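The values are calculated or read from the model by the stated rules, or taken from the named source; none is laboratory data. Since this is a predicted model, take the numbers as computed values, not measurements. All Cβ positions, glycine included, derive from the backbone under ideal geometry; neighbour counts span all protein chains shown.
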Amino acid sequence: MQITRYLQEGYSTLKHEAIVVGAGIAGSMTALHLARRGVRTRLIDRWEPGHSRASSTDYNRVIRAIHGRDEFYTRWARESILRWMELQAETGQKLYYQCGALILATAGHCDWEDATAETFTRMGVPFYRFSPDEIAVRFPQFDPTGISYALYEPEAGMVMAHRGVLAAVDLFKKAGGVVDRGHVVTDENERLMLNGKPLEADLVVVATGPWMGEMYPRTIKPISRVVGVNVLYTSTPDGSTAFDHDNMPCWIDHGQGSFGIPSCEGSGVKAAVVIPDTIDLDKDERLIRRETLNRTRSYIRRRLPGLVGQQVVDSKFNQIALTPDTHFIVDWHPAHKNVLLAGGCSGHLYKHGPVFGDFVAGVGVRDYGTADRFKIAGRKKLSPKESPSGR
């Protein structure tokens, strides 16, 4: 790749072949893989990597291969688990906990779960199918009322989210990358600007998560909707280990619009009832809403009766950028041929982080083209059976 003539006034005389904008999991992993390909790379974010405004914040994320009928993401998730384990060994930090994932299939609305079971069987992914009675015996933390069956993926678990971002950034620095602070914006032509000057490099990867729609009102905003997610952490009962990650899996409960993660490293049990919430990314406080507290407690009474009466010990407000088909975005800007847009998390990008970053880096240096599913054009809403996320 040709060395750029990029020279930021007041920065240094070091020239950069690539710039990555946004230091969340998508940007940090992309920057790391560019650096490991020998590309001199600069990573820019408005705030310190790991900041609490980012979609990649919070303590943990579910990692599971369960993706309905979609074999592509199933393979990516399986590969990502291995990559997270490799990063864990490389950094010496605990990044992955294999506690399994339980998918609760609501009676009469099991298309996504049915499709997942068929995909797992076809691909040889280990899983178990449990009846409601078996759920009550194997995982007594859950009340299976209203559940037709559950799929249990034993090789799934959780990734430590905040720690994972910081680990990727640290590895990027050790690979020779440069991390810088700055607010990158676009002008009326969607041209990237920094400090009032055009941002120039042979390759610019924009991985700004939900802010990408604001930066690209014509190109990305029509296919990206920002949704707020309120998350509560509930204390485990006195003297009990039943809700710790050693004894309880992560779970997804589509019928109740909920998901959760067992207590890990003293966090308490994470439970989120997904109520689509609006957010002004730059003005709104990152505080949960009181109505969400009531909804979550109502969910806990129904599904996790052993937590009734326990105190909420922490809370997080996250946001995700949803695309109509819940596929990621990895595509070149139609007018600026050196600008690669990478994101569209749709609530399931974080776990794919190591593979996603490697893929984006390869597209960026023109080793291969992007996948059709990641292109900006041709987006449409999918049915729950077709959707990789079940939404």
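If the condition is being of a type in the set (A, V, I, L, M, F, W, C), more than 21 Å from Ser387 (Cβ to Cβ) and within 19 Å of the chain's Cα centre (by Cα), then region 352-375 contributes Val360, Ala361. In region 248-270, the count of residues that are modelled with pLDDT under 85, in a loop (DSSP other than H, G, I, E, B) and over 21 Å from the mean Cα position of the chain (by Cα) is zero. Of the strands (runs of 3 or more DSSP E) lying entirely inside region 1-80, the ones with 1 or more residues being modelled with pLDDT of 95 or more and under 23 Å from Asp282 (Cα atoms) are found at 18-21, 41-45.
Of everything listed in (1) farther than 22 Å from Cys264 by Cβ; (2) in contact (Cβ under 8 Å) with a residue 12 or more places away in the chain, the single unmet condition for Leu166 is (1).
Quickly run through region 328-339 and pick out the residues that are more than 26 Å from Met85 (Cα to Cα) and within 19 Å of the chain's Cα centre (by Cα). The one that is more than 26 Å from Met85 (Cα to Cα) and within 19 Å of the chain's Cα centre (by Cα): Asp331.
Based on this model, can you work out whether Val206 counts as in contact (Cβ under 8 Å) with a residue 12 or more places away in the chain, closer than 11 Å to Leu341 by Cβ and in the same structural domain as Gly362 (by TED's automatic domain parsing)? In short, yes. Residues in region 94-133 that are outside any helix (DSSP H, G or I) and at pLDDT below 95: Thr106, Ala107, Gly108, His109, Cys110.
From the list Phe359, Phe328, the lone residue that is of a type in the set (Phe, Trp, Tyr), in contact with a Leu (Cβ under 8 Å, 6 or more places away or on another chain) and at pLDDT 95 or above is Phe328. Of all residues in region 251-263, at least one satisfies being free of Cβ contacts under 8 Å to residues at least 40 places away in the same chain, buried (at least 21 other Cβ atoms within 10 Å of the Cβ) and hydroxyl-bearing (Ser, Thr, Tyr).
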